[in-house]
Structures are given as C-alpha cells and as structure tokens.
1. Please specify each residue of region B:130-145 satisfying the condition of being facing chain A (nearest Cβ under 7 Å), polar (S, T, N, Q) and either under 20 Å from D:GLU4 (Cβ atoms) or in a loop (DSSP other than H, G, I, E, B) (or both).
2. Give the number of residues within region C:162-196 that are assigned to a helix (DSSP H, G or I) and touching a Phe, Trp or Tyr at 6+ places or on another chain (Cβ under 9 Å).
3. Tell me whether region A:15-24 contains one or more residues that are part of a helix (DSSP H, G or I), at the interface with chain C (Cβ under 8 Å from one of its Cβ atoms), at pLDDT below 65 and over 30 Å from B:TRP46 (Cβ atoms).
4. I need the full set of residues from region B:1-41 which are farther than 18 Å from A:PHE6 by Cβ and not in a helix (DSSP H, G or I), in order please.
5. Given the condition in a loop (DSSP other than H, G, I, E, B) and small (Gly, Ala, Ser), answer yes or no: does some residue in region D:332-354 qualify?
6. Given the criterion surrounded by fewer than 24 Cβ atoms within 10 Å (Cβ to Cβ), free of Cβ contacts under 8 Å to residues at least 60 places away in the same chain and in contact with a helix residue (DSSP H, G or I) (Cβ under 7 Å, 6 or more places away or on another chain), identify the matching residue among C:ALA144, C:ALA118.
7. With the requirement that a residue be under 15 Å from C:LEU270 (Cβ atoms), at the interface with chain A (Cβ under 7 Å from one of its Cβ atoms) and not β-branched (Val, Ile, Thr), what does region C:104-124 give you?
8. Have a look at C:ARG315, C:ARG308 and point out the one that is among the charged types (D, E, K, R) and at pLDDT 85 or above.
Amino acid sequence: MVENYFPVFVFLVVALLFSMAPLLLGRLLGPSRPDPEKLSPYECGFEPFEDARIRFDVRYYLIAILFILFDLEIAFLFPWAVVFKDMIAEGAHAFYVFGTVMVFLAVLVIGYIVEWKNGALDWE
Amino acid sequence: MEFQTVVFYLFGAIAVAAALGVILVRNPVHAALCLVLVFFSSAAIWLLLEAEFLAITLVLVYVGAVMVLFLFVVMMLDINVDRLREGFWSNLPLGLLVAAVLVVEMLLVLTGDVFRQASSPPALPTDASNTESIGRVLYTLYSYPFELAAMILLVAMVAAVSLTLRKRKDVRYLDPAEQVKVKAADRLRVISMPAEKE
Amino acid sequence: MMEATWQTLATWFGPTWPAVWVLLKIIALLIPLMLAVAYLTFAERKVIGYMQVRIGPNRVGPKGWLQPIADALKLLFKEVIFPTQANKGLYVIGPIMALTPALLAWVAIPFGENTWIANLNAGVLFVLAVTSLEVYGVIIAGWASNSKYPFLGAMRASAQMVSYEVAMGFGLISVLLVAGSLNFIDIVHSQAQGRFAEMGLGFLSWNWLPLLPLAVVYFISGVAETNRAPFDVVEGESEIVAGHMVEYSGMAFALFFLAEYANMILVSFLTSIFFFGGWLSPVGFLPDGLHWLLIKAAVFLFLFLWFRATFPRFRYDHIMRLGWKVFVPITLIWLFVVTVWLLSPLSIWR
Amino acid sequence: MEFERPDFSLAAAEIFVAVMALVVMVTGTFLRRISRELGYALAQLTVIGAAFITVFSVDDPTVRYTFGTMYVSDWLGQVLKLFIYLSVFASLLYGRLYLIERRLEKAEYYVLMLLSMLGAMILVSANNLLVLYLGLEMMTLALYALVAFDRDNGLRSEAAIKYFVLGAISSGLLLYGMSMIYGATGSLDLGVVGQAVSLGAGDELVFKFGLAFLVAGIAFKFGVVPFHMWVADVYHGAPTPVTLLISSAPKLAAFALAVRLLVGGFFGLAETWQPMLMLLAVASIVLGNLAAIAQSNIKRMLAYSGISHMGFVLLGLLAGVTDGGHQQVFNAYSSALFYAVSYALMSLASFGMVLLLARTGFEAEHIDDFKGLNRRSPWFAAMMMLVMFSMAGIPFFLGFFAKFAVLEAVVSAGHTWLAVLAVIMSVIGAYYYLRVVKVMYFDEPMDRTALIASSETRVLLSANALTLAVAGLMPQGLMAVCGYAVLTSF
C-alpha cells in the first residue's frame, strides 16, 4: 500500500522545487535597488505608527477552536462513510452502527445548537 | 539500503531536527512552525508503517486545524521571550538529569528484545484500505470510546464558549436575517393628505 | 511502437525507471496545469471584459493571446522586495507554502479510468488534508510581512478558509456515504450506476441530483475557500488593498497568484468528480473520456468568473454567517437524509 | 473479535448523567430567565438520580462486563461512585451562595460539573486502557474549565493554566506508559494485560518502562511529591467550590485509576511498583506535613495536608503484597479505599467550612479569618474542631481509624519503619490542625459579622462534620463496605 505513495513523495519534492525556482529566478533576473521608503511597510502612504503585531479579537480564537472540534468530528465520520453502505448490504449490525453514529452526531448537534443560541457563531 | 528505509531516515531526521527546533528556537512563531514540520514528518513515518488513514488524519487534524489555532494564539501575543528564559540556567541541571534518565531508559528498552525482533508491519496489498478496517470496528466494538469522544468534544465546546465568549456592548450589530425580512411597508408609509388650500 | 519505446527507456534507466516514469507523468501534468493557469487569467480578463461590454486585453500577440506570457515575463523581471521589518526566512517560505499544497493536491486527481499519477485509496482524505495546508501560506505571509494590512488580511482569510472547510467536510461525508469509498475512481464509478444510467441518461444518476444541496454548498464553499469574489474580503482593494499579499512583489507575488488559480481549477475538477460524474459521458450514446472532465471543469471555472463579474462583495460577518449558520446546517440535515435514505428500502445506491 | 450488542443497563448511571448534562445545557440556553435555578435543581436531581441507579444496581456483587469488556460493573466502582456523587452534591450545595454572590452561577457551570462527574464515573468503572484515559480526560478537561470559570480573575486563570499544563503533561506520561503496554501486549484490555504481566508474556523491561510512566501519571493525578507542584496553587487559585470538588472526587478517581492499573493490570509486577509508591508516599507524608505548617492561607494548608493524606493512601496500596504472598491484599486495599473515602469526607467538610465563612468580596481563605469563630458561631466552631481533629487523626475520629487501618496494614506487611515515620509525621502535622482550633477558640475575632448560609447548607455541613465523629465511634460499617468492595471486585 505504501508504494501508492511513491508518486506523492516524488511530487512533493517536485512541487517544492517548482515553488522555489521562480523565487530564485526572480531574485536573479530582477533588479535589486533597495530604498528605505520602498522597504517600509505599506500603509497607504502613511508612516506606520505602531507595531503590526496587535492583539486580535478573541472571536478568531473561538472560530479556530470550533473548527478543530468540527474537523475532528468529520475525521471521526470518515471511516463510517466508507463502510456504511457495505455494512447495510451485509446486514452486519447496520442499525447498531446507525444508532452509534446518530448518538455521536446528536451530541455534537446539541452542542452546535447551544453555541448558536449563545451567540458563539455571531460575528459582530 | 531500501528506498523506504531512506525515506524513513529522511523524515526521521526532519522530525528530530524540527522537534529540537521547537524547543531551541527563540521566536515562538518559528517554534510553532517547527511543530508543524514535526507533525508532518511524523505523518510520513506513520504512512511508512502502513497506517494510511491515521497518517492523513494527523495532517488533517493536527497540521490543518490544531496548529492553526496555535499560530493564531502565538502570533497575536507579544511574548517577551527573554523573560521566559529566565531561570533557564538554574533549572538546567535538573532538566538534564531527567533527560539523561529518560535517555538511558529508552536505550534500555529500545535495545531490548521486543523492539529488535519487531519488524516492519507486513505490507498491505495495493488496494487494502485501512479506513475500511477502522470503520468496521470503530462503530461496533469500539462504540463506547467513540461516544466518549463525542462527550469529550462536547466538554471542549462548552469550555471554549464559556471561557472565551463575551458579548461586546459597543458594537452595532446588524442581524442579516432581520435585514432580509424587512418589507417595504416597514420602512415607508404612504399616507394620503388632503390637498391644502390657501 | 509505444510499448517498445517504453521498454527501451526502462532498460536505459534501470532501477530508477519508476522514478523517472513518475517524473514524466508529473511533468505531463504540471505543464498543462501551468498553461491552464496562465490562460485562465487571460480568460478571466476577457470574460469579465465582455460582460462589462469591453474587449479586454487585445494588444500582445494576435487578439491578445500572448498576454499571459507577457505578464509572466514582466513579473519575472520585477524586483522582489524584502521589507525591512519583515521576517526574512518566513517571508520567503510564505509563497512557497501557498503554492506547494496547491500543486501537491493534484497528484491524487484522476483524469480517467487509467489516467492518474497516484491512485490512492484514501484519495479524498489526502486532498482534503493537503488543501487544509493551504491556510499556512496565508498565515505565514501575513505574519512575516510585519505590516498591518497583511496581518489583518491573513487573519480574515484564515478564519474564512477554516470556516468553509467545515461545510465542505460535512458535504463530502455524504458523497462518501453514497459511494462507499475514499477513492476518486470508485466515486466516479458509483455515479455510473442506477436506473437512469441504464436508460442511457447518465447525467441523471450522477450525484448532483440526489445530493443537490450539497453540490451547491460544496461549490460555493470552494469559491470561499479560494478567497474568490464575492468572498474576496481578504484582498478587498478598498479596505485592505491585497491582504496578505500587500508586501509581495515580482515572482513572490506571482506564486500566490499561481496558487490561487491552481486552486480554482482544483475546486472545479473536484466538483466535477464528486457531483458531476467526472469523465463519465452524460448520455449513453457518447463515449466517456477525459474531454468530459475538462468540459465540466471549464463550466465551473466559467462560473468562478461569472460570479466575480456579477456579485458585489460579501460583508465579512455575512460570510461567517453563511458558512456557519447556513451551510453547516444544510450539510448536517442532508447527511441525516442520506443516511436514512440509504437504510430505507428506497435506497437508490444498492 | 466478534461483536455483540452491549448491555446498556449496566451503564445506566453513566447514560443518565450524560443525558442530563445535555438537558441542563439545552434548558440553560433556551430558558435563560430561569436557567440558574433550573440548572441547580436539575444538577442536584441528576446526582441524586444517579445515586439511586447505582444503589439499586449494587445488590448483585458479581463482577459484570459490558461493551465487550471495556466497562466493568463491580462493588469497588459502585462505592467510589457513591462517594463521587456525594462530593459533587456537597460542592453544589455548599458552593451555591458563593457562586451567586460572585455572579458565577451559570448553566455552563452545572454542565461542566456534571460532565466532570461523568468522567470520574467512566474512569472508575473502566476496564480498558483507552476508556480509562478518556474518562480521565473528560473529568480533568471539565475541571480545568471550572478552575478558570471566573475568567476575569487573574489568580483563577493562573491556577487554571498551571493545572492545565501540568495535567496535560501527566496525561502525556500516562498515555506514553499505556502505549508501551499496548505495544508489549497488543491489547488495551486490562484483563489481558494483567494476564500477560503475571505470565511474563512479553518483555519485562518494556512492562517496567511503561509502568514507570503509569506510576508517574498516577502520582500527578494524586498530587503526591514530587508531582505535587500544582496542588497548592490550584487549590488556592480555584474558586472554593471547585477546590472542594478537586480535593475530593478526582482523588477518588485517582484511587480508581491506581487500583485498576496497578492492581488490575500490574499485580504481577507488584514487587516493582511497591518501591516506587513507597518513595512517593514517604516524600509526600514528610513534605506535605512540613510545608503545611508554614502556610497562613487555609486553602494552601489544606492542599499540603491533602498531599500527606494521599501519601497515606499510597501506603495502603503498597502494603498489599509481601514477599510474593497475597494474604495482605484485602486488608491493605480496603484500608486504602477506606482512607481515600474518609479523606474525601473530611475534605468536603473542611472546604465547606471555608465556604461557609466566605461572603461577597471576602474569601475567608486565611487562617486568621477563623479567629474567634467560637464567638461568632459556637456551633460551627465546634464542627470545624471536629473536622480538624479528624484530619489530625486524633482518637477516636474517622481520620484516626483511617490512619490506623493503613498503618496496621503497613506493619503487617513488615514495613515497621514506614509506620513509625508516618506516625511521627502525623504528630508533627497535628500541630497545624490544632492551630486552627486554637485561633477559633482563643483569639479575638477580626470581624463579627454573622454567618450567612442557607439552612440546607447548615444541615448538610453539620451532618458532614458529625459523621466524622460518629463514624469514628463506629467505623465498622464503612470499613465493612470497603472490605466487601475490595473482596468482591478482585
């Protein structure tokens, strides 16, 4: 099975090289005439007046956390999505599997609804 | 040397180097990115162990989601790295001692019989899908831990919302649903006035 | 004749032949892909031009056909600016991290029954994982520039990309459910079965019909994932200029551009494969083939351009609302519908 | 492995609590106006309901399994669960006023409380490494959030971060140990692991290596020296009702963790883990008692005293096997169980007293705040005295019998020097408990405000403290329960 990934490995190397090559070419072929004004951060012509690394709205963290949770949930469902049709065909505990997954989903849907109601998904 | 072995050592070396980077690099953002590299190369190693589903999930979940949150947090905090490093030298002896003990134990175990006998897992046929194998047991034999995972995710959800969510009072928020529902009649009232005469 | 040539080549290269063979295939993919990207930019300008009753670029070469080449050359000879405050190393890695995953995802895409570079059993999962790396290019570029617009743009872009990934993921679960596989080729195969396919009306047994809401959600999420109009607040010119790409110039900027267009094409291919039968022919009397996949993808690419010409830009809170409060519930409800449908005697996917 | 449909009725209590947690969550969101009262009522109802379910399922003392063999239903689990319910019940009741006064009473609080209880329940009846770990994570994740619940308070957030980081490290250690064992045996099932260990199937070195990590992880969860760094800060930093919970239910869960892993899984290697526990126990008893003397904050003092008490629990656990003989097993483990349970009772009462004295804007967390309590409320001063006497192990309170049982087991296991050391340290420790009694009775009060508390709190707290005295007069009942639990479960 690993041999399927041999092309992936080769492609990864090629893609990395392919992404680096233009940068190198650009560096070689393009001019390099640095100038303090040119190299200063762009701020619509204004002088940058404070550090760019500012603290951000906590909502971004919340979105990222929720994303992790839902992403995990999706990852948990992949194997189910792959075997469920076969399991139905074989009649192998299909309804038990259905119940298991629906309980799993129900728990998280309740969490999702509660979040919605609490305003965690609002972007003000 | 077999090609797979070469790839293993390549990714193993990247993983170790990046792991060292995580703890040695001064800038926390660089450290977080090194951690990304560690996850990525570990995924490659898992793939070599024929754990296709787990390897890709590692990338999907850890690299694609967890580390994004890490970066969000690290990028937005102005951490004074030098202050964090205070006490580094005074704690070093103890740290080294613990590390040395761990290394010795690891060497003892890893050079022991079990791991010397252990060979790489038997190669799976080209069309084998371990996603399917996982699917066949996860929702039946392992349904109990599976549901526990759902409950733990729920705990995380409740905790995240109750600890981070705060309503801001100073924003003027427009609810798009309300906006859409508006009818012309709500905004405009046509009244008829009798014409006035001088 | 062909066979003989391969044989000779194989003996020449000896044990390195598999690698060379893969390399050849990769080149055979990358060159058309890059050309497609180049001419997609041209098509974009032309299409939007015509939609706005203009002619679009028509000076370089016959009818402007050499325009993309000229653009590429111009970018190549521009200075790559390194802002003084930027974090040099990461500043360079940013565009690389944007383009590499955009290219790497292509390795798993099949173009026909036997035309593929890597036939992965977990192909869908692989593509999902690789495209989720896309966000790093944006984040790294935004942070390394150490300038306000890029940082703001990067934060917006990553939160947006991440939000739509959830909807895409849930949508895909239903596709996998009806196909019963993570393999792209199997997914296409599963769409060739059914009552309509037997009647010679293949296009009615493709996934788009039973999974219509998901097809719509998937494609729109794809548009949002690639930060294209009308979800392009990331680079909204009037607000934050070009988002994470503000400080980049020359070839470094071109890499972001390449990545964006490669991703657009990828989303079009994926939509065609998941919901529109890939290389299957829509009707029984025409043969299947790569051309069908290309035609379908071209239609979706045209939609990308059409959207850009038609829709005004979404406001950011509306974007987040659409992702979390509209698409996620739709995909969840449809997931439930599909599951019950599969279990019921009415299942059309036996 | 063939799959057969599990018997859900055995896990009825867990399922009930899980469903109720969801109910509290939903009602808390949709009925926001009455969500507080409702949340509290539903949470208490859940605890009581779960207790009923557990009590009615204990009539059958046979050990039964469900979900394959992942879930085990035995007396040990039921007894621990009942005391976990009691801890949560007391934390909810004693802490109610505290939360209302600090505007912390929200539906989420109760949800997290119930989920952490659920985690502890799952951990207690787990018979599988994976389930053990998941239960532990569920419990501790909810606890981290509870510690940080008062999120605008820097002290609380700091405590939560310390708890979280060290908790995560310990989970990592535990998981590392578990993965070693899984690697060596190829099974997550504790029964199979136990067999493999006692038969010597698999590399002993790997077992020992894994075991070292497991013991470190367990020690972290118990909070024993040298893995005690978090205890004082977390006890001090957490809101007092949460401290009360952390000092009781998770300790019982940690006891279950230790018993399931060390006795259930690694009985065959008892000779190896005994010295490790001995080291931990001695260090904890010595350091805990000495450090407690120096504290002026009563929450910190109780934290260090808790460390020394956990040392005693470990003493009981290590006294089971001597020279390969198993005669001691039941006495030793039931004494450890008895000690853990008694400690939970004492801890509930002591933090209950701290909560009783606290009021809006005032935490009552200094020993000085207890000055002259006798003048303000003679009854509760007397109650506090009972608690302190019991903790100090003064005859004939509950704490005395707990210590006595453990020491007896230690002596009959042949570690007389250990018993002597423990006695000496207890005598030293008695000093700081008696100091609290002294300030209550002989010092002038700093403030003379009357105590505010609901009548339920007064009743339960008094009952709690009186139990320590009454159970001390006739400890046989509780001891018999513990003995029976150990006897039927192994």
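1. Taking region B:130-145 first, the residues facing chain A (nearest Cβ under 7 Å) are B:131-132, B:134-136, B:138-140, B:143.
Narrowing further to those that are polar (S, T, N, Q): B:131, B:140, B:143.
Matches in region B:130-145: B:THR140, B:SER143.
2. Number satisfying all stated conditions: 24.
3. No, region A:15-24 contains no residue that is part of a helix (DSSP H, G or I), at the interface with chain C (Cβ under 8 Å from one of its Cβ atoms), at pLDDT below 65 and over 30 Å from B:TRP46 (Cβ atoms).
4. B:VAL25, B:ARG26, B:ASN27
5. Within region D:332-354, the subset in a loop (DSSP other than H, G, I, E, B) is none.
Looking for residues that are in a loop (DSSP other than H, G, I, E, B) and small (Gly, Ala, Ser), one finds none in region D:332-354, hence no.
6. Details: C:ALA144 fails: surrounded by fewer than 24 Cβ atoms within 10 Å (Cβ to Cβ).
Every option except C:ALA118 fails the conditions.
7. Matches in region C:104-124: C:LEU104, C:LEU120.
8. Only one candidate qualifies: C:ARG308.
The values are calculated or read from the model by the stated rules, or taken from the named source; none is laboratory data. A quick note: this is a predicted structure, and the numbers were derived from the prediction, not measured. As a convention, Cβ positions derive from the backbone with ideal geometry for all residues, glycine included, and neighbour counts pool all protein chains shown.
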